[in-house]
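Asks: Please find one structure pasted underneath; my questions will follow.
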Amino acid sequence: SPVDANLTFTFCLHRPQSIILDFSRDRSAIRSLLVNGRNAGFNIVEDHIVIERKCFKKNDNTIEISFCAGEQSLNRNETFLYTLLVPDRAHTLFPCFDQPNLKAAFTLSLEVPADWEAVSNTNVKEEQTENGRKKIAFHTTEPLSTYLFSFVAGEFQKITECRDGRSISLYHRETDPDRIAQTGILFDQVFASINWMEEYTAIPYPFAKYDFIILPGFQYGGMEHTGATLYNDKRMFLGEHPTTEELLSRMSLIAHETAHMWFGDYVTMEWFDDVWTKEVFANYFAAQMIRPLFPEVNHKLNDLREFYATAYSVDRTKGTHAIRQSLDNLSKAGLIYGNIIYDKAPIVMTMLVDRMGEEAFKRGIRNYLNQFAYGNATWEQLTDVLDNETPENLKDWSDVWISTKGIPYIKTSICGDSILVTQTDPFDRDIVWPQTVTLFAGGGDQGKYISADVDRCVTKIPLPPGTQYILPNTDGNAYGVFLPDSISRTRMLTHLSEIKDPVERMSLLMTLYENMLAGEISGKSFIDALMAFLPSETDNLIRQSALSYLSNAYIHNIQNRDGEAERFLLRIASDLSLNMEYRLLAYRTLSKIFTLPEITSLLYEQWDKGASFEDLPAGEPEMTNLAYEIMIRLPEKAGYIKEKQLSRITNPDRRKAFEFIVQATDPDKAVRDSFFQSLLCVENRSVEPWVNTAMAYLNHFLRQDESLGYIMPALDVLQEVQQTGDIFFPTSWISSCLGGHSSLSAADTVSIFLENHPRYEPLLRNKILQAAGHLPVR
């Protein structure tokens with residue numbers, strides 16, 4: 001049924017003027033519009049309500065609108081709904097001034113079924129139930145940008161915990177007792193994150209409450225609405241025997257959204273071109289917050305995996321961009337988001353802290369929050385505050401690291417009596433990224449670590465006697481694609497397991513992977529090196545990265561698929577003497593890349609019995625994912641697999657997800673083609689995580705030839721996906737489409753599309769180039 005709504009808002013004008021409201025519905029959606037109690041004339045012009053100047057007066061004005069609410073951002077399901085209005089989607093729901101630098105105090109009331117829960121930014125003020133309906137009035141909020149206004153309503157279970165005078169409620173739809181049992185851990189981490197931020201900023205939690213809602217099929221990992229933070233169920237409720245990465249990721253997500261309460265909600269960027277300023281603090285502080293809760297983890301190593309490796313995945317492509325991007329219209333604001341602002345920016349922030357010193361940085365941050373409390377600020381205003389705390393020249397540093405796109409390519413070589421460190425700019429602008437690089441100059445069993453400030457195109461370092469090879473970036477602090485000489489690469493390939501320091505091992509592993517992608521190392525040589533290295537590795541985070549690299553190298557080049565990697569993974573997964581997490585990581589890698597008939601038969605038998613593989617976890621998520629993969633390998637058994645797996649799923653939300661996604665693994669190409677065509681219609685893309693998963697299976701690496709025809713239509717509809725979907729959807733849509741492809745034909749299709757659209761939106765063009773970064777080049 002349509003959602004009828006009434007809205008009243010007041011504002012002050014210094015002088016009478018026409019008023020333009022944002023609202024993306026046609027005139028028929030507006031029942032009435034009053035200004036200062038009188039009917040007002042207005043026009044609808046391209047998603048705006050334009051109200052005549054004569055309707056307004058100096059000082060206080062009131063607009064009252066009766067209207068039919070928009071559907072795009074209501075995320076309606078049969079038994080629950082939730083708003084998601086970031087970055088500029090509030091006007092798809094109701095009329096407003098939809099921009100971050102115009103904050104307002106919101107007072108909300110809802111009418112819902114009597115048995116529903118309702119959650120918003122503030123606590124409930126009053127509640128009345130009559131004739132099976134419930135009217136709920138909430139207290140007025142603190143000043144909020146429109147994208148932070150939120151409400152959730154539906155059939156939810158509610159759990160409340162009180163600690164040290166603070167009460168927090170969790171709302172969920174989970175039915176599995178083992179998952180529900182994890183809520184205690186979630187509360188621990190939420191309370192710990194709030195306490196950490198209060199201590200660091202010296203500012204008490206600045207909003208009325210912190211409740212959180214765990215949603216099935218939620219588009220993001222989380223969203224930082226004050227008082228009603230939303231989380232994705234798969235990120236919060238983990239399976240049996242979660243990996244170290246999964247545990248760290250969950251805590252990091254909670255810490256990230258909590259940090260946003262101060263950085264983003266309390267002080268908000270002036271415009272979305274500075275959206276990175278809230279994301280960088282959220283991820284930077286999240287990395288600090290998880291440290292005391294996971295003392296057994298090497299967090300420098302985890303930062304390498306989480307920030308550096310992820311940032312490289314975009315920064316090495318032709319679609320990369322500066323941390324700070326220009327934005328001419330908020331309708332494109334969602335395209336600003338990505339790995340550069342989430343992962344490169346925290347690396348750069350760490351460099352800034354190192355330049356300033358931790359205490360000076362903390363003083364600056366506290367002054368910044370106090371100066372702009374409940375208001376808005378730009379990056380320049382932030383750096384002005386920080387400049388007062390340090391003699392360093394932050395502007396010149398910022399121009400290179402914040403305002404310039406690209407990643408330096410750094411070659412290390414021996415020339416005569418010197419080590420040469422050569423920086424090159426992939427975009428030929430002769431830009432140098434100033435930073436400190438640490439190297440190991442080795443020869444035989446001897447060697448020396450050397451740190452040098454690299455602030456020019458070529459830096460010469462005196463060569464220690466006896467040096468035969470150079471291992472670059474051994475402390476993992478420098479940012480760039482490191483390209484050692486052939487002797488050094490060979491040393492790294494054959495002696496990686498001998499490196500004692502785990503951070504150094506991880507950094508060199510990343511360097512080897514980047515060299516494989518750059519064509520300096522063959523995929524087969526890299527896979528062989530990983531299989532030689534992994535048996536001696538003891539850190540599960542490094543193991544997970546190595547296995548991920550192995551998977552990518554294996555599936556993206558058919559010449560690498562000789563079966564040895566599959567047999568290697570099977571041996572690890574089957575070896576009961578090995579660490580459980582290591583075996584589980586190997587099994588999960590195998591279950592995505594297997595091609596050998598004997599392994600396919602083995603995994604099918606395991607799935608059919610519903611039993612664990614050599615006592616590894618075999619819960620519903622594992623069996624569901626395995627069912628999809630086996631259907632692709634054994635099309636003759638697909639119908640049986642589909643029905644049996646569906647019968648095993650009891651949670652209604654997960655049954656719906658399976659019924660949707662499984663269409664992408666159907667053995668009949670006509671069925672898959674029809675399903676793909678349906679995804680080109682906006683009404684069939686409402687649950688974005690399901691669509692992303694389905695797109696990935698439609699374009700599975702074992703079905704590349706059959707799915708090649710999906711690429712051009714997926715590109716053709718990308719602009720509509722951006723306009724109708726949420727902020728991460730354009731990236732995930734095209735990445736899911738291209739991720740399984742590795743052919744020149746796929747690369748040619750992308751090139752033809754871009755050639756045929758020379759004036760394509762630059763921000764969206766970058767998303768295509770990023771997603772196509774792994775494809776071969778003629």
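The values are calculated or read from the model by the stated rules, or taken from the named source; none is laboratory data. Please read all numbers here as calculations on a predicted model, not as lab measurements. Don't worry about glycine lacking a Cβ; one is built from the backbone with ideal geometry, like all the others, and counts go over all protein chains shown. For accessibility, only protein heavy atoms count, side chains too; no ligands or nucleic acids. Shrake-Rupley method; radii C 1.70, N 1.55, O 1.52, S 1.80 Å.
Asks: Quick one: with all protein chains in place, what share of the accessible area of segment 720-778 is carbon or sulfur, to the nearest percent (1.4 Å probe)? Intermediate values should be presented prior to the final figure.
Replies: Numbers: 1300 of 2510 Å².
C and S atoms contribute 52 percent here.
Asks: Just the number, please: carbon plus sulfur as a percent of the accessible area of segment 241-308, 1.4 Å probe, no ligands or DNA/RNA counted.
Replies: Details: 830 of 1620 Å².
The nonpolar share, carbon plus sulfur, comes to 52 percent.
Asks: So which aspartates and glutamates pass the test for LYS344, namely a Cα distance under 12 Å, with those fewer than 8 places away in the same chain ruled out?
Replies: The qualifying aspartates and glutamates are GLU279, ASP303, GLU306, ASP315.
Asks: Under the rule a/c < 1.5 gives rounded, and otherwise a/b versus b/c splits prolate from oblate, where does segment 126-205 land using the Cα gyration tensor?
Replies: On the way: a/c = 2.19, a/b = 1.19, b/c = 1.84.
Note, shape of segment 126-205 comes out oblate.
Asks: Roughly how many Å² of ARG316 are accessible to a 1.4 Å probe, to the nearest 10?
Replies: 70 Å²
Asks: Using a simple spin-label model with points 7 Å from Cα along the Cα→Cβ vector, what separation in nm is obtained for THR160 and ASP528?
Replies: Simple spin-label model gives 6.6 nm for this pair.
Asks: Residues with amide H under 5 Å of ASN699's amide H, sequence separation 5 or more or different chain, H placed in the peptide plane at 1.01 Å from N; which?
Replies: Correct list: empty.
Asks: Over the chain, average the accessible area per residue using a 1.4 Å probe and give it in Å², no decimals.
Replies: Numbers: 31500 Å² over 778 residues.
Heavy-atom SASA per residue in the chain reads 40 Å².
Asks: Mind running the shape call on segment 74-207? Use the C-alpha gyration tensor, a ≥ b ≥ c as the square roots of the eigenvalues: rounded below 1.5 for a/c, prolate if a/b tops b/c, oblate otherwise. Don't skip to the end; give the middle numbers.
Replies: On the way: a/c = 1.64, a/b = 1.06, b/c = 1.55.
Oblate is the answer for segment 74-207, as a/c is 1.5 or above yet b/c matches or exceeds a/b.
Asks: What do you get for the angle between helix 540-555 and the principal long axis of the chain? Use alpha-carbon atoms, 0 to 90 degrees, nearest ten.
Replies: Computed tilt is about 80 degrees.
Asks: In segment 525-627, carbon and sulfur make up what percent of the accessible area (probe 1.4 Å)?
Replies: It is 51 percent, rounded to a whole number.
Asks: Then there is this: Beyond a 30 Å Cα-Cα separation, which of these cross-linked pairs lie in this structure: LYS209/LYS395; LYS300/LYS395; LYS125/LYS362; LYS158/LYS332; LYS300/LYS405?
Replies: On the way: LYS209/LYS395 38 Å; LYS300/LYS395 27 Å; LYS125/LYS362 37 Å; LYS158/LYS332 37 Å; LYS300/LYS405 25 Å.
Beyond 30 Å: LYS209/LYS395; LYS125/LYS362; LYS158/LYS332.
Asks: In addition: Check the straight Cα-Cα distances from LYS644 and name the lysines below 26 Å, setting aside those fewer than 8 residues away within the same chain.
Replies: By straight Cα distance, LYS644 reaches LYS234, LYS592, LYS609, LYS656, LYS669.
Asks: Taking the 0 to 90 degree range and rounding to the nearest ten, how far is the long axis of helix 358-371 tilted relative to the main principal axis of the chain, both from C-alpha atoms?
Replies: Approximately 20 degrees, to the nearest ten.
Asks: Relative contact order for the chain using alpha-carbon pairs under 8 Å, separation at least 6, rounded to a whole percent?
Replies: Details: 1330 pairs, mean separation 64.0, N = 778.
So the answer I get is 8 percent.
Asks: Next up: So what's the gap between the Cα centers of segment 221-284 and segment 581-613, to the nearest angstrom?
Replies: So the two Cα centres are separated by 33 Å.
Asks: On to the next question. For Cα extents along the principal axes in Å, pick the label among (i) 84, 76, 60; (ii) 87, 69, 59; (iii) 119, 80, 57 that corresponds to the value derived from the coordinates.
Replies: Correct label, based on the coordinates given: (ii).
Asks: Hey, another quick one. Run the reach check for LYS448 against lysines, Cα to Cα strictly under 17 Å, same-chain hits fewer than 8 apart removed. What comes back?
Replies: LYS460, LYS500
Asks: Amide H of PHE23: which non-local residues (sequence gap of 5 or more, or other chain) have their own amide H closer than 5 Å, using H built in the peptide plane?
Replies: Here the answer is HIS48, ILE49, since their amide H atoms fall under 5 Å of that of PHE23.
Asks: Right, next: Can you list the HN-Hα couplings for segment 17-23, worked out from phi with the Karplus curve (6.51, -1.76, 1.60; θ = phi - 60°), rounded to whole Hz and with x for Gly and Pro?
Replies: Values per residue, Gly and Pro as x: 7, 5, 10, 10, 9, 8, 6 Hz.
Asks: What is the spin-label model distance, in nm, from SER28 to ASP445 if the labels are put 7 Å beyond Cα along the C-beta direction?
Replies: Once both label points are built, they end up 8.5 nm from each other.
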